[in-house]
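Heads up: the structure comes next, in structure tokens.
The values are calculated or read from the model by the stated rules, or taken from the named source; none is laboratory data. As the structure is a prediction and not an experimental result, all values here were calculated from the model. Please note: Cβ atoms are built from the backbone with ideal geometry, for glycine as well, and neighbour counts cover all protein chains shown.
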Amino acid sequence: MPTPEPRRLRAVDTLEVCVLVDNTLDILSSVPDCVTSEVQNVLAAGAKELSGSCLCCAAWGLSLVIRVQAGGVAHTLLFDAGPEAYAFERNSKRLGVRLADVGCVALSHGHFDHAGGMPRALTLIAEANGGRAVPVHVNPGMFVERAFARPDGTRLPLGRVPSPEELQHAGGEVVSSGEPRLVCGDMVYLSGEIPRRTTYERGLPAQIRRGEDGEWVPDPLVLDERFLAVHVEDRGVVVFSACSHAGIVNVLMHAAETFDPLPLHGVMGGLHLAGKTQESWIDDTIRDLRPFGLARLVPGHCTGWRALSALTRAFGDAVIPGAVGQVHRFG
């Protein structure tokens with residue numbers, strides 16, 4: 001697959017993002033005008049009362065429905081599908097997500113909390129669109145057996161990522177490549193491997209994977225991780241980083257260089273600053289985020305409450321915590 005020229009990324013007039021799966025529910029906190037909350041969205045989808053049966057559910061993972069439009073042409077992309085089928089199906093129904101409109105799918109990396117719900121998601125998309133297969137963008141490095149090495153020498157296996165054959169059988173048209181590409185009518189950029197430059201963003205030090213010879217080998221860097229980017233006209237580039245195992249500063253450094261001279265406008269997704277190891281680089285992260293001058297940060301999933309508090313203190317109203325059922329509008 002030829003490497004795309006980033007300058008060919010088409011600027012969009014509107015960018016709208018529905019948080020379909022996330023760790024957090026929050027139906028009460030106030031939100032700015034650029035966001036609608038879960039209650040507003042389930043009511044708009046047809047709910048007749050406010051009750052447990054009409055609301056979404058939280059789950060450890062992430063799934064975003066990204067809608068872009070330029071010149072009257074619209075595309076919808078599904079970025080990850082959360083950890084399992086139930087949360088994806090329940091939330092998409094209650095939010096009235098038009099799965100028939102999903103014309104492209106991207107899987108960020110090979111972890112169950114982003115990939116576990118994908119087979120059911122693809123089946124629902126195919127049922128909604130009359131059986132048409134949609135492209136599912138992956139890279140070969142994400143289909144490996146992984147685990148965490150415990151201090152006592154044992155291993156904690158990680159949930160299996162659905163294979164390309166399973167994704168194909170569920171209704172996807174698997175596009176497997178490690179290279180960057182433009183999708184959705186050249187309105188969305190899917191990155192290649194993210195260079196690791198900072199000294200403090202160390203991924204998942206305890207992660208291991210099964211090597212080709214069957215032996216377990218260190219796998220801290222999660223090199224199969226990818227990000228998405230959208231250029232919003234008159235604002236700049238919005239980056240979607242589903243888990244930021246590469247480190248959100250590394251992600252944004254790569255995005256800034258890729259799209260120079262366009263400014264970075266915002267970032268949304270999991271920033272992976274939770275956990276004893278990752279929390280140790282919160283201060284360094286905030287220091288190195290400042291030069292990007294981001295107008296909006298939408299942290300969710302694996303960001304963690306300590307990092308969320310620190311980000312809010314540092315960047316004030318630019319920070320809008322993500323939660324299930326929200327719809328965020330950029331431009």
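Structure notes:
- Candidates ARG226, ARG181, ARG209 - the one that is among the charged types (D, E, K, R) and more than 27 Å from THR14 (Cβ to Cβ): ARG209
- The number of residues in region 109-134 being crowded, with 16+ Cβ neighbours inside 10 Å and touching a residue at least 40 places away in the same chain (Cβ under 8 Å) comes to 17.
- Region 281-295, subset buried (at least 17 other Cβ atoms within 10 Å of the Cβ) and not aliphatic (A, V, I, L, M), residue nearest to ALA323 (Cα to Cα): THR285
- The listed residue being small (Gly, Ala, Ser), out of contact with any Asp or Glu (no Cβ under 8 Å at 6 or more places or on another chain) and more than 20 Å from ASP80 (Cα to Cα), out of GLY269, GLY293: GLY293
- The criterion of being touching a Phe, Trp or Tyr at 6+ places or on another chain (Cβ under 7 Å), under 18 Å from SER108 (Cα atoms) and at pLDDT 95 or above holds for LEU182.
- Entry remark, region 57-101: residues being surrounded by fewer than 24 Cβ atoms within 10 Å (Cβ to Cβ), aromatic (Phe, Trp, Tyr) and touching a Gly at 6+ places or on another chain (Cβ under 7 Å) number 0 in total.
- Tally of residues being surrounded by fewer than 22 Cβ atoms within 10 Å (Cβ to Cβ), out of contact with any helix residue (DSSP H, G or I) (no Cβ under 6 Å at 6 or more places or on another chain) and of a type in the set (A, V, I, L, M, F, W, C) across region 296-319: 4
- One residue from VAL217, VAL230 being of a type in the set (A, V, I, L, M, F, W, C) and more than 30 Å from CYS34 (Cα to Cα): VAL217
- Residue among ALA58, ALA45, ALA70 that is over 27 Å from GLY304 (Cβ atoms), touching a Leu at 6+ places or on another chain (Cβ under 6 Å) and small (Gly, Ala, Ser): ALA45
- Verdict on GLU127 being among the charged types (D, E, K, R), farther than 30 Å from ALA47 by Cα and more than 20 Å from the chain's Cα centre (by Cα): no
- Strands (runs of 3 or more DSSP E) (entirely within region 176-277) containing at least 2 residues that are touching a residue at least 12 places away in the same chain (Cβ under 8 Å) and touching a strand residue (DSSP E or B) at 6+ places or on another chain (Cβ under 6 Å): 181-183, 188-190, 207-210, 228-232, 236-241, 264-270
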